Amino acid sequence: MKAIIMAGGEGSRLRPLTCNRPKPMVPVVNRPIMAYCVDLLKKYGITEIGVTLRYLPDAIQEYFRDGSDFGVRLRYFIEESPLGTAGSVKNAASFLDRTFVVVSGDALTDVELSEAVAFHRKQGALATIVLTRVKCPLEYGVVITGESGRIRRFLEKPGWGEVFSDTVNTGIYILEPEVLDYFAANQEFDFSKDLFPLLLRENKPLYGVVLDGYWCDVGGLEVYLQAQQDVLSRKVRVTLPGREVAPGIWVEDGAAVDPTARLEGPLAVGAGVRVGPGANLGAFTVLGAGCIIQSGASIKRSVLWDHCFVGRGAALRGAVLGNNVQVQANAGVYEGAVVGDHSVIRERGLLKPCVKLWPYKFVDMGATVHESLIWGNGLRRHLFGSEGVSGLANVEITPEFAARLGGCFGAVLGKGAAVGLSSDAYPASAMIKTALAAGLQSVGVAVKDFGTGTTPMHRFAVRAFGCQGGAHVKFSTQDPDKLRIVFTDAEGGDISRGAERKVEQVYYREDFPRETAAGIRPPEYVPGVPETYLNHICSHAAERFKTSGLRLVLLYEEANLGRFLAALAQRTGITFLKLGAGESRNRPRRWQDYQEMLPAVSETVVELGADGGAALDASADHLVLIDERGRIIQDDLFTAILALVALKQRGGPVVVPVTAPRAIDALAARYRAEVVRTKAARRDLWKRALMAEAFEMLLHFDALAALVRIFSFVTEQGMGLGDLVDEVPAFFLAHREVPVSWEAKGRVIRELIEEKPQQQLELIDGVKVFHPDGWALILPDPEEPVCRVFSEGASMEIAESLTEFYTQKIKKMLGE
């Protein structure tokens with residue numbers, strides 16, 4: 001049998017460690033990751049090995065040469081242009097004349113390859129994927145198999161709403177040579193994204209086998225440190241370099257450790273290392289070859305590559321140093337900090353947690369390099385949540401962070417793109433908007449400043465003024481201590497998940513190109529944006545509405561919405577009766593506070609004989625209506641009202657989230673129209689509504705426009721808002737949150753899917769299970785460690801019983 005090691009990885013998430021080396025050459029306990037791959041293949045008698053290369057191929061060829069020093073024979077296949085994982089293996093097709101194994105040169109594993117090969121041959125498979133189970137499946141290909149191991153479903157890097165399993169692709173494959181005949185040579189083709197879905201569609205024998213053993217995709221810096229600890233703790237069956245001189249203490253030839261130095265295992269000391277008197281080497285420390293550790297230095301949980309120097313009294317805690325780094329006397333490098341090759345930290349210099357220094361950097365004597373790009377206790381794994389990027393105002397969302405994030409967004413859009421910026425009227429939001437503008441300018445992007453206003457105004461302005469993207473800064477009305485930065489595309493909708501990932505990749509690489517001083521353009525202030533936006537939403541109002549003299553009781557924030565509502569009253573003739581809410585000039589009230597005041601709004605509407613009422617959040621993203629009889633219209637009933645207006649005005653289709661009640665289907669049937677259901681995320685509803693030209697459903701995103709459109713419609717029809725409510729069939733929904741750790745979410749969804757036949761399931765978003773008298777939807781939250789259970793029944797008792805049933809089922813899965 002032959003094997004292929006895919007070793008073309010660039011390792012962008014490991015930068016600055018991979019600036020000068022390919023990812024497979026990054027050392028784990030003083031050996032390149034790929035060396036452990038070679039050992040694994042050799043252990044199972046596989047010595048004919050092809051190696052696919054792309055990024056810095058010479059580094060791998062110079063280290064491994066022909067493989068004879070490792071007891072194998074190596075052949076190298078270099079990609080001239082990116083070919084993807086499957087394309088790179090196809091590039092080695094001339095070498096592959098029988099069943100072969102594919103492994104990733106940047107993964108650490110000790111799985112039993114012989115078991116996988118035996119399974120592959122027994123099943124007569126064309127391709128077999130070695131699978132494992134992980135706590136967080138978002139960064140992997142997620143797989144569901146049948147009882148025989150045949151793969152039923154495969155999805156690469158899902159969002160939480162798409163997760164259907166915690167069983168993932170390890171990147172280890174057993175393949176027949178014929179599998180390479182399914183695509184042409186010299187084209188970019190990926191195993192996970194292209195080939196395996198193709199085999200699945202064509203019903204070819206594609207199998208998966210779950211193997212015990214250790215597997216770790218060494219993707220980011222945190223995982224890199226964990227891999228070192230796992231090797232030292234013997235959680236993975238690999239050969240450690242050197243000899244074990246004391247329990248858990250491995251020392252290579254030529255190392256000299258002063259007798260007064262304190263060593264606490266497990267740790268590894270490389271060849272030729274010098275450890276001075278009184279030095280303290282704590283658990284999970286790795287010292288590369290030729291390192292010098294002077295007297296009194298203290299190193300704990302840190303990884304030092306070759307030929308590093310640590311001066312007297314210096315301290316390292318949870319840090320990673322590249323080759324030839326100097327940390328001079330009494331300097332300090334702390335948790336999560338990474339120092340690139342040949343960098344120097346002079347005496348008493350200090351690197352705060354999570355600082356990254358690129359190669360050849362110099363920190364002067366006594367200088368402190370502050371980590372001002374921190375999320376909580378460290379760098380956040382994913383910047384984006386359910387709605388843009390959020391964090392504590394001026395703690396997590398700081399001007400420094402915003403400037404860098406703006407630069408990353410601009411780098412993704414490209415030099416010369418036009419980006420519209422706006423914020424709400426609060427000072428902290430305006431400060432962050434200014435910082436975003438600076439970051440965008442720094443990469444050559446043209447900035448259009450829309451001033452202050454609402455999120456819907458921003459979405460409109462991005463479209464109206466021909467921008468390629470935008471960003472709006474606002475306070476969260478769920479948690480007013482937090483700011484949100486909402487990034488929008490050219491249509492004004494939230495940017496796609498793919499675009500979010502690109503921004504995150506650039507952010508973590510930290511190497512996006514800067515514009516020259518001559519190419520930086522000043523921001524262009526665009527006057528009159530609020531007025532243009534209001535003219536737009538009023539242009540759809542009926543003339544009868546503008547002369548009707550409606551009286552509406554409103555609950556809203558004066559600071560951000562006052563001028564919009566005053567101008568709207570002038571344009572429409574509506575009399576707005578404001579209900580006091582007690583405001584702050586620096587941030588808005590919580591939306592929950594407004595929810596608690598809704599009964600007072602309802603009572604006021606009835607007492608005054610008003611035509612209706614409404615509550616709007618500070619950014620005009622959310623709207624609750626009150627009809628003339630005091631009935632509260634929000635959430636699913638509001639969605640049903642929007643759908644009913646759309647059906648009456650133009651027919652179908654209507655686009656609603658997967659959580660919407662079946663009453664909408666009944667309404668659509670009455671008007672012989674189609675209902676299109678989307679994922680629960682706002683971006684998906686926006687996208688599908690645009691595709692279906694169901695523009696009324698975009699009113700979900702614009703409280704002011706929805707207020708105008710709905711009351712304009714009922715006025716034109718000579719009816720009251722309550723008449724619309726009466727037309728909506730009764731429905732019964734229940735909702736509950738269940739605490740589920742990030743690590744357990746994938747397993748919970750997988751087990752729910754596996755216990756029900758496919759015809760009872762809908763997997764648009766999360767897992768929806770149909771019952772005779774209703775349905776239940778279990779939806780993993782993308783921002784919080786919870787799953788949300790939504791249920792609908794023929795009665796409230798049934799809806800609540802379904803919610804309780806699945807709540808208890810999830811708790812049972814979690815062992816509670």
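The single residue among A283, A315, A268, A319 that is under 23 Å from E222 (Cβ atoms) and surrounded by fewer than 18 Cβ atoms within 10 Å (Cβ to Cβ) turns out to be A283. Is it the case that region 677-693 has a residue that's in contact with a strand residue (DSSP E or B) (Cβ under 6 Å, 6 or more places away or on another chain), of a type in the set (D, E) and modelled with pLDDT under 90? Within region 677-693, one or more residues are in contact with a strand residue (DSSP E or B) (Cβ under 6 Å, 6 or more places away or on another chain), of a type in the set (D, E) and modelled with pLDDT under 90. If the condition is being open to solvent by less than 10 Å² (accessible area, probe 1.4 Å), assigned to a loop (DSSP other than H, G, I, E, B) and modelled with pLDDT under 95, then region 621-654 contributes only D621.
Inside region 446-497, can you point out the residues that are part of a strand (DSSP E or B), aliphatic (A, V, I, L, M) and surrounded by fewer than 22 Cβ atoms within 10 Å (Cβ to Cβ)? Within region 446-497, just A446 meets the criteria. The sole residue among V38, V26, V51 that is open to solvent by less than 10 Å² (accessible area, probe 1.4 Å) and touching a Lys or Arg at 6+ places or on another chain (Cβ under 8 Å) is V51.
Scan region 737-749 residue by residue and report those that are open to solvent by 20 Å² or more (accessible area, probe 1.4 Å) and either basic (K, R) or on the phi > 0 side of the Ramachandran plot (or both). Matches in region 737-749: R747 only. Inside region 501-587, counting only helices (runs of 4 or more DSSP H) that do not spill past its ends, which hold 1 or more residues that are farther than 16 Å from T452 by Cβ and at pLDDT 90 or above? The helices (runs of 4 or more DSSP H) meeting that bar are 529-538, 558-572.
Note on region 200-256: enclosed strands (runs of 3 or more DSSP E) holding 2 or more residues that are in contact (Cβ under 8 Å) with a residue 12 or more places away in the chain and either of a type outside the set (A, V, I, L, M) or surrounded by 13 or more Cβ atoms within 10 Å (Cβ to Cβ) (or both) are 206-210, 215-217, 249-251. Annotation: A663 fulfils all but one of (1) over 30 Å from V767 (Cβ atoms); (2) crowded, with 20+ Cβ neighbours inside 10 Å; the unmet one is (1). Within region 58-67, is even one residue open to solvent by less than 50 Å² (accessible area, probe 1.4 Å) and of a type in the set (S, T, Y)? Checking region 58-67: not a single residue is open to solvent by less than 50 Å² (accessible area, probe 1.4 Å) and of a type in the set (S, T, Y).
Take the conditions (1) touching a residue at least 24 places away in the same chain (Cβ under 8 Å); (2) more than 29 Å from P780 (Cβ to Cβ); (3) out of contact with any helix residue (DSSP H, G or I) (no Cβ under 7 Å at 6 or more places or on another chain); A669 misses just one of them, which is (1).
Of the set (1) surrounded by fewer than 24 Cβ atoms within 10 Å (Cβ to Cβ); (2) more than 26 Å from K502 (Cβ to Cβ); (3) not polar (S, T, N, Q), all apply to E10 but (2). For region 177-222, the set of residues classified as within 12 Å of F154 (Cβ to Cβ) and among the aromatic types (F, W, Y) consists of F191, F196, Y207, listed by residue number. For region 433-449, the set of residues classified as in contact (Cβ under 8 Å) with a residue 60 or more places away in the chain and touching a Phe, Trp or Tyr at 6+ places or on another chain (Cβ under 8 Å) consists of V443, K448, D449, listed by residue number. Pairs linking a residue in region 147-161 that is more than 24 Å from W742 (Cα to Cα) and at pLDDT 60 or above to a residue that is surrounded by fewer than 16 Cβ atoms within 10 Å (Cβ to Cβ) and of a type outside the set (A, V, I, L, M, F, W, C), with Cβ atoms under 6 Å and 6 or more positions apart or on different chains, are R152/G146. Quick one: L721 ticks every box in (1) over 26 Å from L777 (Cα atoms); (2) open to solvent by less than 10 Å² (accessible area, probe 1.4 Å); (3) at pLDDT below 95 except a single one, so which number is it? Here L721 clears every test but (3).
For region 410-434, how many residues are part of a helix (DSSP H, G or I) and open to solvent by less than 10 Å² (accessible area, probe 1.4 Å)? Of the residues in that region, 3 qualify. Tell me which residues, restricted to region 698-718, are surrounded by fewer than 17 Cβ atoms within 10 Å (Cβ to Cβ) and of a type in the set (G, A, S). Selection gives G718 alone.
Restricting attention to region 670-697, the residues that are open to solvent by less than 30 Å² (accessible area, probe 1.4 Å), hydrophobic (A, V, I, L, M, F, W, C), under 25 Å from P729 (Cβ atoms) and assigned to a helix (DSSP H, G or I) add up to 3. Residues in region 163-194 that are part of a strand (DSSP E or B) and within 22 Å of G105 (Cβ to Cβ): V168, N169, T170, G171, I172, Y173, I174, L175.
Of the residues making up region 148-166, one or more are among the hydroxyl-bearing types (S, T, Y), surrounded by fewer than 17 Cβ atoms within 10 Å (Cβ to Cβ) and farther than 18 Å from R31 by Cα.
Is at least one residue of region 614-632 in contact with a strand residue (DSSP E or B) (Cβ under 8 Å, 6 or more places away or on another chain), small (G, A, S) and free of Cβ contacts under 8 Å to residues at least 60 places away in the same chain? Checking region 614-632: not a single residue is in contact with a strand residue (DSSP E or B) (Cβ under 8 Å, 6 or more places away or on another chain), small (G, A, S) and free of Cβ contacts under 8 Å to residues at least 60 places away in the same chain. Residues of region 82-94 being touching a Lys or Arg at 6+ places or on another chain (Cβ under 8 Å) and surrounded by fewer than 16 Cβ atoms within 10 Å (Cβ to Cβ), which ones? The one that is touching a Lys or Arg at 6+ places or on another chain (Cβ under 8 Å) and surrounded by fewer than 16 Cβ atoms within 10 Å (Cβ to Cβ): P82. Considering only residues in region 391-409 that are in a loop (DSSP other than H, G, I, E, B) and of a type in the set (V, I, T), the one that is modelled with the highest pLDDT turns out to be T398.
Mind listing just one residue for me: the one in region 602-617 that is assigned to a loop (DSSP other than H, G, I, E, B) and surrounded by fewer than 24 Cβ atoms within 10 Å (Cβ to Cβ) and, of those, farthest from the chain's Cα centre (by Cα)? Checked region 602-617; the qualifying residue farthest from the chain's Cα centre (by Cα) is G609. Taken over region 764-816, the criterion of being farther than 14 Å from V738 by Cα, assigned to a strand (DSSP E or B) and open to solvent by 40 Å² or more (accessible area, probe 1.4 Å) is satisfied by F770, H771.
Residue by residue, here is whether (1) in a strand (DSSP E or B); (2) at pLDDT 95 or above; (3) within 24 Å of G149 (Cβ to Cβ); (4) under 32 Å from the mean Cα position of the chain (by Cα) holds:
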| position | (1), (2), (3), (4) |
| --- | --- |
| Y55 | no, no, no, yes |
| Y76 | yes, yes, no, no |
| D97 | no, no, no, no |
| V111 | no, no, yes, yes |
| S114 | no, no, yes, no |
| A125 | no, no, yes, no |
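Only a single criterion out of (1) touching a Cys at 6+ places or on another chain (Cβ under 8 Å); (2) open to solvent by 20 Å² or more (accessible area, probe 1.4 Å); (3) among the aliphatic types (A, V, I, L, M) is not satisfied by L733, namely (1).
The values are calculated or read from the model by the stated rules, or taken from the named source; none is laboratory data. None of these values were measured; they are calculated from a predicted model. A quick note on method: Cβ atoms are made from the backbone with ideal geometry, for glycine too, and the neighbour counts reach across all protein chains shown. For the accessible areas, the whole protein counts, side chains as well, though only heavy atoms, and no ligand, DNA or RNA atoms are used. Shrake-Rupley method; radii C 1.70, N 1.55, O 1.52, S 1.80 Å.
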